[in-house]
Amino acid sequence: MKIGQKSYTTIWELDESVIQIIDQRSLPHKFIIEDLLSTSDFEVAIREMHVRGAPLIGATAAYGIYIACKEAALSSDFNSYLFDAAARLKATRPTAVDLFNLVDRCLRRIEAGQDAKEKTTIALAEARLISKEIRAHCFNIGLHGVSIIESLYEQKGDTINILTHCNAGWLATVDYGTATAPIYEAFKRGIPIHVWVDETRPRNQGARLTAYELGQEGIPHTIIADNTGGLLMQKQLVDLVIVGSDRTTRTGDVANKIGTYLKALAAYDNNIPFYAALPESSFDWQIRDGVKEIPIEERSAEEVRYIQGLDDAGVLQNVLICPADSSALNFGFDVTPSKYVSGIITERGICKAEEASILKLYPEKA
Ligand code: MRU
């Protein structure tokens, strides 16, 4: 996708020793490219949210495994170095299942290598393949998901208002995004659309990142405070909700950024279609009950107590927004039970949020 007139993906190789990412912490105010050179650089980048969004976390960790292989080749015990690095990468964030799915996939492939050199070569090929696949999956999510927007437009004959939460855009994947892919495709096809962008406290991924990328692509959008969506739905100003997912169970329960559940409840009450868009890597095939079983990340209370923005001198500042001695609680995600999800948009097609329908698209997981 574009920044200025230049096309970017969110992660790429400068050369075989340096992986580059966009440091998302300073967007939209500054565009900073960061070099990742060591396993610990990858750990910090994921934990501290230089990169974020479930598929991008997975793609970054896959390159982290490749860099870990290069380091392991210089150690006395390749396997124990690699497994320790994999465990450290997996410990960075608990909810986005792509991290675990894709690190494990890399480790399985690497096993086939006969020596450190061959294992490292396999790791690089796998990291490249994963990025390529995520990009292709997101593109296909767009091709499938656009049919929902097209049919709403056929019925309404006027601008389609889509509400989204957090950033499930290209910045959260490798390219195109998940929730945004059908939006980009609809825009490309000339369907009049407008996007309501939830600001998404506490880290404001909606206001900072979704608004930024929609703006770069020229897509009409309006940022709203997180609590506004319900009113807009009652006023029939929302035609469709599309969100991403950090982990979706085989039964269709959807974990996504905190606040998603409340939007799903409001959409349900107002008869508004609520879709989750996600690639295969964001499914957790092992669990059935998302509310009980999906681990919910708890982050620092300081993310709630402080807010970041640009001051008049153009300097990024963190400012305290509450009494200095008040405590705060900061859960990163919530789970929307499948009964509130109208459907799941995947790279293989659209299915109902129920096991049989999901498995029709992924029969190999039955
Ligand atoms: O904490 P973040 O910014 O990593 O959370 C991201 C989200 O919740 C996204 O909506 C989700 O990962 C889907 S991304 C395609």
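The values are calculated or read from the model by the stated rules, or taken from the named source; none is laboratory data. Please read these numbers as outputs of a predicted model, since none were measured by experiment. Positions of Cβ are generated from backbone atoms using ideal geometry, with glycine treated the same way; all protein chains shown enter the neighbour counts.
Among the residues of segment 267-287, how many are in a loop (DSSP other than H, G, I, E, B) and without any contact (Cβ under 8 Å) to a residue 60 or more places away in the chain?
5
Search segment 221-257 for residues being within 13 Å of the ligand (Cβ to nearest atom) and of a type in the set (Lys, Arg), and hand back the single one that is surrounded by the most Cβ atoms within 10 Å (Cβ to Cβ).
Per the criteria, the residue is Arg247.
Residues being within 15 Å of the chain's Cα centre (by Cα) and of a type in the set (Lys, Arg): count how many of those fall in segment 177-219.
2
Looking at this structure, is Tyr275 under 22 Å from the mean Cα position of the chain (by Cα) and either more than 17 Å from Tyr340 (Cα to Cα) or of a type outside the set (Asp, Glu) (or both)?
Against the criterion (under 22 Å from the mean Cα position of the chain (by Cα) and either more than 17 Å from Tyr340 (Cα to Cα) or of a type outside the set (Asp, Glu) (or both)), Tyr275 qualifies.
Kindly indicate which of Arg288, Arg305 is closer than 20 Å to Asn256 by Cβ and among the basic types (Lys, Arg).
Result: Arg288 is the single residue among Arg288, Arg305 that is closer than 20 Å to Asn256 by Cβ and among the basic types (Lys, Arg).
Farther than 30 Å from Leu240 by Cα, without any contact (Cβ under 8 Å) to a residue 24 or more places away in the chain and not β-branched (Val, Ile, Thr): which single residue out of Leu320, Leu316, Leu361, Leu329 fits that description?
Leu320
In the list Lys339, Lys263, which residue meets the criterion of being farther than 24 Å from Leu209 by Cα, of a type in the set (D, E, K, R) and not in a loop (DSSP other than H, G, I, E, B)?
Lys339
Listed residues Arg93, Arg109, Arg105, Arg189; which is basic (Lys, Arg) and within 16 Å of the ligand (Cβ to nearest atom)?
Answer to the selection: Arg93.
Output the number of the condition that Leu316 fails; it satisfies all remaining conditions of (1) modelled with pLDDT under 95; (2) closer than 30 Å to Ile148 by Cβ.
Tallying (1) modelled with pLDDT under 95; (2) closer than 30 Å to Ile148 by Cβ, Leu316 fails exactly one: (2).
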